[in-house]
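Q: Got a structure for you, written out below as structure tokens; questions coming shortly.
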Amino acid sequence: MKRLVPLVAAVAALLSAGSAQAVPSGCWATVGLSSLPTGLEAGRPWLVTVRVLQHGRTPLADAKPEIRIRKAAGRVTVFRGRPTAAVGSYGFRVVFPAAGRWTFTVYDGFVPNCAAEHTFKPVMVAPADLAP
């Protein structure tokens, strides 16, 4: 019986170590947008700042965020953000190339293993204004 106790303790330690690696703690972020892509015309840029916060509080200076757009069953177009002067904020220039209904998501870029994709309501993009 005395030999069984150390064996049980060793197995318990191995199991808890494995579960700690499988689920990183504190591994989530929120994203906030300075504007939504409403009232846009095809081909015109949507200039937006994305703020990435770990636990919804701490600005993430080393995030690698992306905005991903997609029209119907078409291909996904990815736009990468650039850090701004404000820690945790990233500037984007997104262009919807055609009119119609688009979906978009923000990949928070909380790397290496914690990143998530945040979804937003689809948007309608108007045809480009052809007036001179």
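The values are calculated or read from the model by the stated rules, or taken from the named source; none is laboratory data. Note that the coordinates shown come from a computational prediction; the quantities given were computed from them, not determined experimentally. In this analysis, Cβ positions are derived from the backbone assuming ideal geometry, glycine residues included, and neighbour counts consider all displayed protein chains.
Q: So, in segment 34-57, exactly how many residues are under 15 Å from the mean Cα position of the chain (by Cα) and not in a loop (DSSP other than H, G, I, E, B)?
A: Going through segment 34-57 one residue at a time, the tally reaches 7.
Q: Among the residues of segment 82-105, which ones are over 18 Å from residue 40 (Cα atoms) and in contact (Cβ under 8 Å) with a residue 24 or more places away in the chain?
A: Step one: filter segment 82-105 for residues over 18 Å from residue 40 (Cα atoms), giving 82-90.
Of everything in segment 82-105, those that are over 18 Å from residue 40 (Cα atoms) and in contact (Cβ under 8 Å) with a residue 24 or more places away in the chain turn out to be 84, 86, 87, 88, 89, 90.
Q: Search segment 99-125 for residues being modelled with pLDDT under 95 and surrounded by fewer than 14 Cβ atoms within 10 Å (Cβ to Cβ), and hand back the single one that is nearest to residue 50 (Cα to Cα).
A: That would be 111.
Q: Same structure, new question: Which of the residues belonging to segment 96-123 are over 12 Å from the mean Cα position of the chain (by Cα) and over 14 Å from residue 70 (Cβ atoms)?
A: First, pick out the residues of segment 96-123 that are over 12 Å from the mean Cα position of the chain (by Cα): 96-103, 112-113, 121-123.
Across segment 96-123, the qualifying residues are 99, 112, 113.
Q: Scan 61, 85 and give me the residue that is of a type in the set (A, V, I, L, M), surrounded by fewer than 16 Cβ atoms within 10 Å (Cβ to Cβ), part of a loop (DSSP other than H, G, I, E, B) and modelled with pLDDT of 95 or more. Before you say what the answer is, go through the steps one by one.
A: Values: 61 fails: modelled with pLDDT of 95 or more.
Criteria check complete, one pass: 85.
For every residue, the table says whether it meets (1) of a type in the set (Gly, Ala, Ser); (2) at positive phi.
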position: 58; (1), (2): no, no
position: 69; (1), (2): no, no
position: 72; (1), (2): yes, yes
position: 76; (1), (2): no, no
position: 84; (1), (2): no, no
position: 88; (1), (2): yes, yes
position: 102; (1), (2): no, no
position: 115; (1), (2): yes, no
position: 122; (1), (2): no, no
